[in-house]
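Everything below concerns the one structure shown next.
The values are calculated or read from the model by the stated rules, or taken from the named source; none is laboratory data. Bear in mind the structure is a predicted one, so any value in this text is a computation, not a measurement. All Cβ positions, even for glycine, are placed from backbone atoms using ideal geometry, and neighbour counts span all protein chains on display.
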Amino acid sequence: MANRTFRYDKLVRDRTEERVYKLHDANAKVVLKNLSHEELIQEFKIKLQEETLEVIEATTHDEILNELADVLEVIRGFAKAQGISLDELEAARVAKAEERGAFDHHVYIETITVDENAPVVKYCLKYSEKYPEVVNKN
């Protein structure tokens, strides 16, 4: 029987190699790479995007729960790689929630209308793909 090789090129959980042997093929050949700190940080960013997309695609309560758990695990690992403790991360979250609020009240802004000299105008123009200007054509 012929072997087939698949490129993964992604950061995986610590026990993934073990799971490949156990669940898929005891004779599998898994090629691993030790990442530099810079590569690890980049791969955590990619992994966070991947896991976030999986949350978006999840539809059932259990799928959402499991995908959010994956996101949390990536955040935990990413923080650790950056030398940030979970206590420090939680303190930053609480401080930001106290200053700006959390997401408890389900607030959603559709548009804002401000004076053309307001500081937010410069910000919105800088990120115009994210905050496109609504132009009235009267």
With loosely packed, with under 10 Cβ neighbours inside 10 Å, more than 30 Å from H37 (Cα to Cα) and of a type outside the set (F, W, Y) as the only criterion, which of D104, D87 stands out?
D104
Search the stretch 36-76 for residues being in contact with a helix residue (DSSP H, G or I) (Cβ under 7 Å, 6 or more places away or on another chain) and either charged (D, E, K, R) or modelled with pLDDT under 95 (or both), and hand back the single one that is surrounded by the most Cβ atoms within 10 Å (Cβ to Cβ).
K47
Just to be sure, is E98 on the phi < 0 side of the Ramachandran plot and exposed (fewer than 10 other Cβ atoms within 10 Å of the Cβ)?
yes
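Considering the stretch 69-79 alone, what residues qualify as being among the aliphatic types (A, V, I, L, M) and either under 17 Å from L40 (Cβ atoms) or more than 10 Å from the chain's Cα centre (by Cα) (or both)? First the steps, then the outcome.
Narrowing the stretch 69-79 to residues among the aliphatic types (A, V, I, L, M): 69, 71-72, 74-75, 79.
Passing the criteria: A69, V74, I75, A79.
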Could you give every pair whose Cβ atoms fall below 6 Å, whose first residue belongs to the stretch 1-25 and is farther than 25 Å from I41 by Cβ and in a loop (DSSP other than H, G, I, E, B), and whose second residue is of a type in the set (A, V, I, L, M, F, W, C) and modelled with pLDDT of 80 or more, counting only separations of at least 6 or pairs across chains?
none
